[in-house]
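Structure first, commentary second.
The values are calculated or read from the model by the stated rules, or taken from the named source; none is laboratory data. If you're wondering where the values come from, they're calculated on a predicted model, not measured in any experiment. Reconstructed Cβ throughout: ideal geometry from the backbone, glycine too, with neighbour counts over all protein chains shown.
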Amino acid sequence: MATVPFQRLLLASEHTEQDAGAEAVAFALARHCGLGLAGVMPLTTNAEYEMVAPSIAAQADARAKQSLAALRAAAADSGVTLDLQVRRGPEPYQEIVAEAVARGADLIVIRRRGRKGLLANLLVGEMVGKVVAHAPCNVLVVPRDARMWQRRILIGVDPLAPDRRAVEVAAVLAAACGLPLHVMCAAADAGVAQAEARSVLDAVLPPARALHADTSGEVRVGRPHEALLRAAADTAADLIVVGRHGGSRRARPWVGGTAQKVMGLAASPLLVLGSGTDTVPR
């Protein structure tokens, strides 16, 4: 297989039904790329509560032990060796981010939503949103029923803050997977904005094609998240890629509205490229 842009994979999972897609994609990616797979299972802890209700805490530990064993078995059944760690803390997202830092991960694979509850109507789970916003690396957000991409990779480029390195990473990934890459710029209107988007597209396509010849591109007019979702449907793309910060290194460490909406509405995995785009294999 050609060089892939990620070498240190970290699966974040609680091994619930909502984690099924993330686990399947992480196993497939590790196996397909010939990479090792690390895992982290975050457990919420509250010292005061555990002192007051030790029996309930013990039950939670027992369930976690069962989930750990089941997740290791699932990895083994998929032909993957999983180096799995448990991290305890009051905020699960902090434990996931800390594990990514400790392992030097360049890709976190995580579910899109958590268990049903008061926040079930959120497009993206609260924990997941925080992981994407604070992760030191790229994050792959996977819906429950999604599987590893097999048809086409689509990357959305913001013409107001184009991230050329993100396009290059997408091209390297598409080449490694043997899949076509489609680059889309969204313009707010059919006038000046469309012309500016075309200029950006013309600038990012040549270096992308130098890395992967099977690269196409287009400009669409409309709201960015709607244009990106339409492009995914029209091109049969089953992996969507976006940048977390656009092209600016000084951008604030949170995911913009376009990425949030695509993350919540897409049927396919969404790869959010962060600081991990600093290095592209040559």
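Residue count for segment 91-124 under the criterion of being buried (at least 20 other Cβ atoms within 10 Å of the Cβ) and modelled with pLDDT of 75 or more: the result is 16.
Find the helices (runs of 4 or more DSSP H) located wholly in segment 66-185 whose residues include 3 or more that are closer than 27 Å to residue 233 by Cβ, and list them. Let's see the steps before the verdict.
Details: elements: 92-103, 126-134, 164-177.
Hits in segment 66-185: 126-134, 164-177.
Counting the residues of segment 202-243 that are out of contact with any Pro (no Cβ under 8 Å at 6 or more places or on another chain) and closer than 16 Å to residue 166 by Cα gives 14.
The set of residues in segment 232-257 that are modelled with pLDDT under 80 and either of a type in the set (Val, Ile, Thr) or closer than 24 Å to residue 150 by Cβ (or both) contains only 255. Residues in segment 188-238 that are touching a helix residue (DSSP H, G or I) at 6+ places or on another chain (Cβ under 9 Å) and among the hydroxyl-bearing types (Ser, Thr, Tyr): 215, 216. Tell me, please, whether a residue that is part of a loop (DSSP other than H, G, I, E, B), surrounded by fewer than 23 Cβ atoms within 10 Å (Cβ to Cβ) and either aromatic (Phe, Trp, Tyr) or modelled with pLDDT of 95 or more (or both) can be found in segment 7-17. There is at least one residue in segment 7-17 that is part of a loop (DSSP other than H, G, I, E, B), surrounded by fewer than 23 Cβ atoms within 10 Å (Cβ to Cβ) and either aromatic (Phe, Trp, Tyr) or modelled with pLDDT of 95 or more (or both).
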